[in-house]
């Protein structure tokens, strides 16, 4: 531009910074903002808003808040877009207190919050498990003459889900038609998840059945939540039936769906079925995680298949999955049920090598294996270790408090 004797102004910079924001180039956006004084161009609220939004989208909440704090010094008045971007940055960074603090500063700055501002603040509270604050913000919107939309309701219902308040979640969903707000798949997903967490598998399935009439297409999150609800309710046949319906709905299962199916099979004592689901994952290009393997090993344990449980544990490093205390506990329990006390002890030793801390379930299974194998002395030794470990943990907890 200088060669063409065209001098860039604040509109030019704002447009380029906005382009950087949309392309995810937050560093470049900040570099351009930093070059403006040198080019004797004064940033305006659009420039700052674009730069703050670039930081927000990149998860750089500290930088977003810092830019907002620099605006008064630059004699630039923040607007609702600026605050919304900064609050959204705090939401993504899990900084709900800071998000609410920024929202509270808006009246003093003579800036009126809009639905985007409230949505970001409610989402910040929802993600941090602050249910009452999320609901309080929702209740304040009519007074502020701000109309809630589907994003607002979805965030509030999600807060109810995380807070274990399935009744409140369903109540909010029922209020949406009256508020002339149409639920979308995110709203339904949050409500079904709330029912799942609350052990209400019938309600979860009912909500899923309502989606076609509401012209809302279920996705993998919807099915995963519904399958998980059936799994938690001991309805493994229903869980597997839902999985079979997914291809017809053109929905691809993810690791959460498979984990729920394997867990449902495990709870029903269907170890062969659990292993079948595990075997299908590579073909579906879904990567198993420690939850997947733990559920499958637990299924083998319940089915008395200690060799298979051990084989799965051995396969985990090859699959680049690290066993945790749940995985080891399930494998040790399988060894105990198979009368393999030496194997149970070997696994307990492997845990310390892998720097995995045994819990009471792990010790109980190992002690039980030794008792069944007539190794009372070893069992007593393990019991002493467990007691010493519990005592050390108690001391550490007290030291942390003081």
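Quick one: go through region 302-326 and flag any residue whose amide nitrogen is under 13 Å from the point 7 Å out along the Cα-to-Cβ line of residue 354.
Counting only backbone N, you get 309-326.
Give me the distance between the Cα centres of region 182-210 and region 317-332, rounded to whole Å.
Centre-to-centre (Cα) distance: 32 Å.
Only helical DSSP H runs with n ≥ 4 go in: add -39500 (n - 2.57) per run for the chain, normalise by residue count and round the 222 nm mean residue ellipticity to 500 deg cm²/dmol.
It lands at -21500 deg cm²/dmol.
Have a look at 70, 243, 203 and tell me which one the Gaussian network model of the chain (Cα, springs below 10 Å) gives the largest fluctuation.
Sorting by GNM fluctuation, first place goes to 70.
Which of 208, 240, 322 moves the most in a Gaussian network model of the chain with Cα springs under 10 Å?
322
For region 236-301, just say rounded, prolate or oblate: build the C-alpha gyration tensor, square-root its eigenvalues into a ≥ b ≥ c, call rounded for a/c under 1.5, and beyond that prolate if a/b exceeds b/c, oblate if not.
oblate
Compute the relative contact order of region 66-196 as a whole-number percentage, counting only Cα pairs closer than 8 Å that sit 6 or more residues apart in sequence.
Relative contact order comes out at 19 percent.
Applying 1/(1 + (r/R0)^6) with R0 = 41 Å to the Cβ-Cβ distance of residue 139 and residue 22, what FRET efficiency is obtained, to the nearest 0.05?
With a Förster radius of 41 Å, E is 0.75.
Using alpha-carbon pairs under 8 Å, 6+ residues apart, how would you state the relative contact order of the chain in percent?
About 6 percent, as a whole number.
Who wins for biggest fluctuation among 354, 121, 268 in a Gaussian network model of the chain, springs between alpha carbons below 10 Å?
Answer for the Gaussian network model of the chain: 354.
In nanometres, what is the gap between the two model label sites at residue 254 and residue 104, each 7 Å from Cα along Cα-to-Cβ?
Calculated label separation equals 3.5 nm.
Over all distinct Cα pairs, what is the inverse of the mean 1/r for region 11-106, reported as the Kirkwood hydrodynamic radius in Å?
For region 11-106, the Kirkwood estimate is 12.9 Å.
Does the chain come out rounded, prolate or oblate by the C-alpha gyration tensor, with a ≥ b ≥ c the root eigenvalues, rounded set by a/c under 1.5 and, if not, prolate when a/b is larger than b/c and oblate if not?
It is prolate, given that a/c is not under 1.5 and a/b is the larger ratio.
Using alpha-carbon positions, what is the distance between the centroids of region 83-118 and region 282-296, in Å?
Value for the Cα centre distance between the two parts: 39 Å.
So if R0 is 41 Å, what FRET efficiency would residue 322 and residue 66 give, r being the distance between their Cβ atoms, rounded to the nearest 0.05?
It comes out at approximately 0.65.
All of the numbers you see were taken from the coordinates with simple rules; none came from a lab. Here the structure is a predicted model, which means the values were calculated and not measured. Every residue, glycine among them, receives a Cβ derived from its backbone with ideal geometry; neighbour counts consider all protein chains shown.
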